[in-house]
Amino acid sequence: MNQQLVDPLRPEDKRAAASIVDCDVHITARSAVDLYPWLPARWREHVETIGAHVRSGVYNQEPHPRMMARGMRADAYPEEGGPAGCSLPLLQRQHLDPNGIQFGMLIALGRGIFEERNQAFAAALSTAINNWQLEKWVDPEPRLMPAIIVPQEDAEVAVAEIERCAADTRFKQILISPKSLEPLGRKRYWPIYAAAERAGLPLAFHPAAIGGGHFSSGAGSPTYYLEEHNTFGTITQAVLTSLIFEGVFERFPGLKVVAVEGGFTWAPMLGWRMDKYWSRLRAEVPHVTRPPSEYLRSHIWFTTQPMEETRKQAHLRDVIDWLGWDRLMFSSDYPHWDFDDPRYAFKMPLSDEERRKVFHANAKVLYGLP
Amino acid sequence: MKIPFKGAVDCDLHLSAPRMSALLPYMDEYWSDQFSNRHIDRFAFTMSSDNPILPLQWRPDWKAGADEPGSELDRLRSRALDQFGSSIGIVNVIHGAIALYHGDMAAAILRAVNDWTADKVLSQESRLRGSILVSLQDPALAVAEIERLAGNPGFVQVLLPVIGELTIGRRIYWPVFEAASRAGLPICLHAGSLNRHAPTGVGWPSYYVEDYVSQSAGFEASLVSLLAEGVFQKFPDLTFVLAESGVTWMPSFQWRQDKMWLGVRTELPWIDRMPREIIRERVRLTLQPFDAPPDAAIVERLLDHLGSDEMLLFSTDYPHWHFDGDDVVPDGFPTDLLRKIAIDNPHATYGRLRQGGEATKSLEVTA
Amino acid sequence: MIRHIVAKTAEIPAGTHRIVDVSGRQVGVFNVNGEFFALLNRCPHGGAELCKGAVTALVQPSGVGQYAVSRKGEFLRCPWHGWEFEIRSGQSYCDPARIKARKIDVAVERGEELVKGPYVAESYDVTVEDDYVVLSL
Ligand code: FES
């Protein structure tokens, strides 16, 4: 293959051991039973007698079934059984140790918080998962940095959970599904943003398999996984558009948002497009006082995976130049099928400064990591 | 900058939808009775996503005179065709009947709109060409309408809103593509939503400005649908024109589809080559609204990212307000590319322009 | 180029493969319908252990909605991003000109020839009556 594989670790970094911040590492419980120690009896019983209640026509399967090994690296299933992402030793052996990960930002998916329609159940699961993350993952492996899981459609409960968890400074961000019931800029979600701003925690938006009840594409429901995958990007665009035009960043100037796994090569163009239409329709959104691209440039960070692989290296470089090298943070998405290995994620040479920013400095500043 | 030569083909111009009263002469007795009895004829059918009072929809100097005597067609002639020296203009009359649920009613109104367009527009101005409006509520009716008008060389494409009810590539719509393909007509996916469901994957935005910004996502969804469903393979002669889609999202979209195809090919084995090759061959985009910043250096880079000089079609999007004065072309476009997008590409896209057809002078009103 | 004896042919029956270590490099040795092929156990795309992926058939390019497979056992699907490689050539199915898994020269040789040397066979006592898979790298 005539493309250059680039090692992101400079020689001295290698000697200095792990230095990468991976902004998208997934963990999941082996089964709901794993969460029982942190679930009250009432909800353990709910798991057994009622179970999940989701906005999807199929119950225990994605409505757009994934490709490779249910969307996982085929080699990431633990030998002893269970889903990919349920084994800490495997995560350490397969990713954290060999890939030089100094910090891994956890995105705990898979037990249905985002999808659950019963909000009281979602709230109980959130609390259980937050406690489970600390005890089962972060206590034994301090490289892992958890995100607070919240039942986002019930802002009041979500705020209480943020306040409870934020007291533990190991929580570094708040995880939100972009596939919400309403666009996330709308006022029903503002208490969450107020709490995030108070706690000084960024929000991480990470796509969820099952949505808030809207056709994922906005133009009808996709048929194929290829199409569904494309909505990760367009959904992220829709969320950022909503936050900006609803005036969220005017109201919460300290709010920081990380768009995880939604792509980034569309972001400069989204900024241009927003600016263009804003200039014509300012009368509709007088609360948006600055060109929308400025909010994008100052409040939003993007993660790299799945890395765009442009035919010409210069094209990707153009886009990151337009986006700003200070907005982009490496992520692997381990153990998902479209995992990016930090050594090979960029098929183009980076300067030391660019490498430093993308692989650790931007994330360390944003999350306040040592 | 201005377009520095005459003879361009303006691939997206607009006239307001005719009032219902103007359409009644083109209706049969049943439908004119229904429309007048139910007072349907007293109100316009304005598409919500084409709200004419928005500042975007009428450039201020192009809005001037709208209430004065003299027809809208006259103003289009002088302000768009003459002003930009266009030899041909493809005029899209967007009518809200495409958003109706009642498929027979929609078809009756759209037949009348199409006949009105032939009669009151195409046969009045030889530079103008039209788009056949159809509703997809009942694809069989859409097929019948395409077949009814296929013999009129004044119509050069079939127009559909980009955000409909189902993703556009679904097999249920293939008879429509088949009919268009048989007639040698491209399908124009035009910005706009039927609002049958939330126009974003995350629900209903509050503001028009969000609707406009999210159009490109609707175009992405429609294009990936056409690709995934195999429409490009199934209808090898059919071209898709994306009108008012914006342009700058397209390179990143192509990169993503190429990357995805390498991993998910086996889901869609009919996609037999890199998606970008298919897209560059089969998809065209109108120029305005061109959604890059006014920076020639960036525009030059974007054109390089686009990777093809055959994809863009010149358009003013008259009377929508995307640029001021005569500066219809973004700075940064080289002149030889301008000739391609203004003349060669439209002629290659619209087979009927090559035939030099002129609109038939009047149409039988078919009941 | 050093010749490495990595297995007896009988140990890798048709339709199977094994990953062997050759002086610290991992190589997948495949028996496809009686022919042996070897690929470096590293995906040219993003570094996955390619030979741990599934050995599959070719999903044929087809008409829309038609699904057919052929050439069973002749392709390897990377365990990460699912790129398909033809085992025989190492070429990516989608982009054969640009993307190739690294092929390793492989030969089947009779023990009676091999004992004349030179070769490296850390874990094999070569006997004249067996056939062996020999990699050159
Ligand atoms: S690493 Fe093998 S396909 Fe990407």
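Karplus-derived 3J(HN,Hα) values for the range B:227-237, using 6.51 cos²θ - 1.76 cosθ + 1.60 with θ = phi - 60°, are 5, 5, 6, x, 4, 5, 6, 5, 10, x, 9 Hz; glycine and proline are entered as x. Amide H to amide H distances under 5 Å link C:CYS94 with C:GLU84, where only residues 5 or more positions off or on other chains count and H is placed in the peptide plane.
Based on Cα contacts under 8 Å between residues 6+ apart, chain C shows a relative contact order of 28 percent.
Taking 8 Å as the Cα distance limit and 6 or more residues as the minimum spacing, I'd like the relative contact order of chain B as a percentage. The normalised contact order for chain B reaches 23 percent. Counting every C-alpha pair in chain C, the share spaced more than 22 angstrom apart comes to 40%.
If you add up the charges near A:ALA166, with Lys and Arg at +1 and Asp and Glu at -1, over every other residue whose beta carbon is less than 12 angstrom from its beta carbon, what do you get?
0
Site pair B:ASP237 and B:ASP344 shows an inter-label distance of 2.4 nm when each label is modelled 7 Å from Cα along Cα→Cβ.
Taken along its three principal axes, the alpha carbon spread of the protein assembly as shown comes to 99, 67, 54 Å, from the longest extent down to the shortest.
What you get for the protein assembly as shown, charging only the Cβ of Lys and Arg (+1) and of Asp and Glu (-1), is a dipole of about 520 debye around the Cα centre. Overall, the range A:3-367 carries a charge dipole of about 700 debye about its Cα centre when +1 sits on the Cβ of Lys and Arg and -1 on the Cβ of Asp and Glu, all other atoms neutral.
A simple spin-label model places pseudo-atoms 7 Å from Cα toward Cβ; at C:GLU129 and B:ASP61 they are separated by 9.9 nm. Among residues other than B:ASP304 with Cβ under 13 Å from its Cβ, the summed charge is +1 (Lys and Arg +1, Asp and Glu -1). When only alpha carbons are used to place a centre, the range A:316-370 and the range B:313-346 end up 37 Å from one another. For C:ALA97 and B:ASP295, the FRET efficiency from 1/(1 + (r/R0)^6), where r spans their Cβ atoms and R0 equals 41 Å, is about 0.70.
Ranked by the mean number of other Cβ atoms within 10 Å of their residues, highest first, the peptides B:148-156, B:30-38 fall in the order B:148-156, B:30-38. Beta bridges from DSSP with both residues in the protein assembly as shown: antiparallel share about 45 percent, rounded to the nearest 5.
When you count the other C-beta atoms within 10 angstrom of each residue and take the mean per peptide, A:313-325, B:246-258, C:88-100 line up highest first as B:246-258, A:313-325, C:88-100.
Distance from the Cα centroid of the range B:264-281 to that of the range B:135-188 is 23 Å (rounded to whole angstrom). Charge tally for B:LYS2 (other residues, Cβ to Cβ under 15 Å; Lys, Arg +1; Asp, Glu -1): -3. Sorted largest first, the principal axis extents computed over the alpha-carbon atoms of the range B:145-298 equal 42, 36, 36 Å.
The mean sequence separation of alpha-carbon pairs under 8 Å and at least six residues apart, normalised by the residue count of chain A, gives a relative contact order of 22 percent.
Shape annotation for the range B:163-208: C-alpha extents along the principal axes are 41, 19, 12 Å, from largest to smallest.
Hey, any idea what the orientation-averaged projected area of the convex hull of the range A:3-367's Cα atoms comes to, in nm²? So the Cα hull casts an average projection of 18.0 nm².
Both radii are taken from the alpha-carbon atoms of the range A:30-76; with Rh as the Kirkwood radius, Rg/Rh is 1.09.
In the full protein context, the range B:5-365 carries 33 Å² of accessible surface per residue, based on a 1.4 Å probe and ignoring ligands, DNA and RNA. Whole-percent P(r), the range A:213-333, all Cα pairs, 5 Å bins from 0: 2, 10, 20, 21, 20, 16, 9, 3, 0. For the options B:GLY307, B:GLY169, B:GLY184, a Gaussian network treatment of chain B with springs between C-alpha atoms closer than 10 Å singles out B:GLY307 as fluctuating the most.
Overall, the ratio between the Cα radius of gyration of the range B:5-365 and 2.2 N^0.38 Å, rounded to two decimals, is 0.95.
Label-to-label distance for B:GLU281 and C:VAL64 is 1.5 nm, based on points extended 7 Å past Cα in the beta-carbon direction.
Annotation: amide H of A:MET105 within the under-5 Å range of A:ASP22, A:CYS23, A:ASP24, A:VAL25, A:MET145, sequence separation 5 or more or interchain, hydrogens built in the peptide plane. Each Lys and Arg contributes +1 and each Asp and Glu -1, all at the Cβ; summed about the Cα centre of chain B, the dipole is approximately 540 debye. Which residue, A:ALA52, A:ALA219, A:ALA208, tops the fluctuation ranking in a GNM of chain A built on C-alpha contacts under 10 Å? Per the Cα network of chain A with a 10 Å cutoff, A:ALA219 tops the list.
Using every Cα-Cα pair within the range A:304-354, state what percent have a distance larger than 19 Å.
Summing the P(r) of the range A:304-354 above 19 Å gives 24 percent of all pairs.
Calculated mean residue ellipticity at 222 nm for the protein assembly as shown: -8500 deg cm²/dmol, from DSSP H runs with n ≥ 4 weighted as -39500 (n - 2.57), summed, divided by the residue count and rounded to 500. Taking the centroid of alpha carbons for each part, the range A:28-43 and the range A:51-112 are 17 Å apart. Across the range A:179-187, computed HN-Hα scalar couplings (Karplus, 6.51 cos²θ - 1.76 cosθ + 1.60, θ = phi - 60°) run 7, 8, 5, 10, x, 5, x, 6, 4 Hz from first to last residue, x flagging Gly and Pro. Of the solvent-accessible surface of the protein assembly as shown, computed with a 1.4 Å probe over protein heavy atoms with every protein chain present, carbon and sulfur atoms account for 51 percent.
Largest GNM mean-square fluctuation across C:THR56, C:THR16, C:THR127, computed for chain C with C-alpha springs under 10 Å, falls on C:THR127. Counted as membrane-span-like here are DSSP H helices of chain A whose alpha-carbon atoms extend 18 Å or more along the helix's own axis and whose Kyte-Doolittle mean is -0.5 or above; these are A:119-132, A:225-245. Annotation for the A:B interface, with buried accessible surface near 5600 Å², both sides summed [1.4 Å probe; non-protein components not counted].
Taking the Cβ-Cβ separation of A:GLN313 and A:ALA41 as r and a Förster radius of 51 Å, what is the calculated FRET efficiency to the nearest 0.05? E between A:GLN313 and A:ALA41, to the nearest 0.05, is 0.35. Taking amide H as placed 1.01 Å from N in the peptide plane, the amide H of A:LEU203 sits under 5 Å from that of A:ILE174, A:LYS256, A:VAL257, A:VAL258, each at least 5 places away or on another chain.
Projecting the Cα atoms of A:ALA345, A:ASN99, A:TRP137 onto the charge dipole of chain A, computed from C-beta unit charges around the Cα centre, puts A:ALA345 farthest toward the positive end.
Computed from backbone phi with θ = phi - 60° and the Karplus coefficients 6.51, -1.76 and 1.60, the 3J(HN,Hα) list for the range B:143-157 is 4, 4, 5, 4, 5, 4, 9, 4, x, 8, x, x, 8, 10, 7 Hz; x is used for glycine and proline. Across the range B:206-276, Cα-Cα distances exceeding 14 Å account for 64% of all pairs. Surface exposure of chain A, expressed per residue as accessible area with a 1.4 Å probe, stands at 34 Å².
Per the Kirkwood formula applied to alpha carbons, the range B:245-341 shows a radius of gyration over Rh ratio, Rg over Rh, of 1.04.
The values are calculated or read from the model by the stated rules, or taken from the named source; none is laboratory data. Predicted, not measured: the structure shown is a model, and the values here were computed from it. Heads up, the Cβs are rebuilt from the backbone with ideal geometry, glycines too, and the neighbour counts pull from every protein chain shown. All accessible areas refer to the heavy atoms of the entire protein, side chains included, with ligands and DNA or RNA removed. Shrake-Rupley method; radii C 1.70, N 1.55, O 1.52, S 1.80 Å.
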